[in-house]
């Protein structure tokens, strides 16, 4: 699968459709039919629409969802013929850190003299998190995870995800343009809509990324695109 090739093919198909419509006196509008006005808490997602378009040529492959398990999202991909794996990485990270803090708290004085660094914690966490075969997924949904990771864990998780995605696969991410007022989880409503679900706070929002920083973080990916929404969320689509 090739991003540019798909775009070129789609453009040719749209040209043919437009010509046919003109001959019949009808007006043609290429692309998916426009979505109705979204319900409260539901946002139109250009990133999701293009993510689905990019992986549409490959069937019976795996999707990895790194957010909270959502039956709606599971059903969405299963009905399209994909197999989907889920791993709530942010919850796992919180539970891991809580466990490490408790382990250090009860450790007898004089034991474990080595200073524990954030880099060491990130490496230890990834010994058990995101453990899948390399190039196992055609698509990965990370939602807004990267806004909550520290500077040591963030690049390591991105590197792990890169290894898990097969060539031609895509990663869909979301980034807040400012500190969010509430903590949200996400689920897919339809081909171009995502619902934001209010949820108990799992982690503190760590930082806000500029567009250039986002593109640099995913520099090893072959192509990158970002979509800026009116709701202070920026979507990133990254093609391996």
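Between residues in region 79-95 that are at positive phi and without any contact (Cβ under 8 Å) to a residue 40 or more places away in the chain and residues that are surrounded by fewer than 17 Cβ atoms within 10 Å (Cβ to Cβ) and outside any strand (DSSP E or B), which pairs lie under 7 Å by C-beta distance while being six or more apart or on different chains?
Here the result reads 81/59; 81/60, each pair linking region 79-95 to a residue that is surrounded by fewer than 17 Cβ atoms within 10 Å (Cβ to Cβ) and outside any strand (DSSP E or B).
Just for region 166-196: of the residues that are touching a strand residue (DSSP E or B) at 6+ places or on another chain (Cβ under 8 Å) and surrounded by fewer than 16 Cβ atoms within 10 Å (Cβ to Cβ), which one is farthest from residue 42 (Cα to Cα)?
Ranking the qualifying residues of region 166-196, first place goes to 177.
May I ask you to list the residues in region 72-86 that are assigned to a loop (DSSP other than H, G, I, E, B) and out of contact with any strand residue (DSSP E or B) (no Cβ under 7 Å at 6 or more places or on another chain)? Give the derivation first.
Initially, region 72-86 is screened for residues assigned to a loop (DSSP other than H, G, I, E, B), giving 80-82.
Within region 72-86, 80, 81 meet the criteria.
Please identify the pairs in which a residue from region 42-71 that is on the phi < 0 side of the Ramachandran plot and in a loop (DSSP other than H, G, I, E, B) has its Cβ atom under 6 Å from the Cβ atom of a residue that is at pLDDT below 95 and surrounded by fewer than 20 Cβ atoms within 10 Å (Cβ to Cβ), counting only partners at least 6 apart or on another chain.
57/1; 59/81
Please indicate, with yes or no, whether at least one residue in region 34-47 is at pLDDT below 55 and surrounded by 10 or more Cβ atoms within 10 Å (Cβ to Cβ).
Yes, that holds for at least one residue.
Can you list residue pairs whose Cβ atoms sit under 8 Å apart, with the first residue in region 105-120 being on the phi > 0 side of the Ramachandran plot and part of a helix (DSSP H, G or I) and the second being at pLDDT 75 or above and surrounded by fewer than 10 Cβ atoms within 10 Å (Cβ to Cβ)? Count only pairs 6 or more apart in sequence or on different chains.
That search, which allows pairs on different chains as well, returns nothing.
The values are calculated or read from the model by the stated rules, or taken from the named source; none is laboratory data. Everything quoted here is computed from the prediction, not taken from an experiment. Note that each Cβ is placed from the backbone with ideal geometry, even for glycine, and that neighbours are counted across all protein chains shown.
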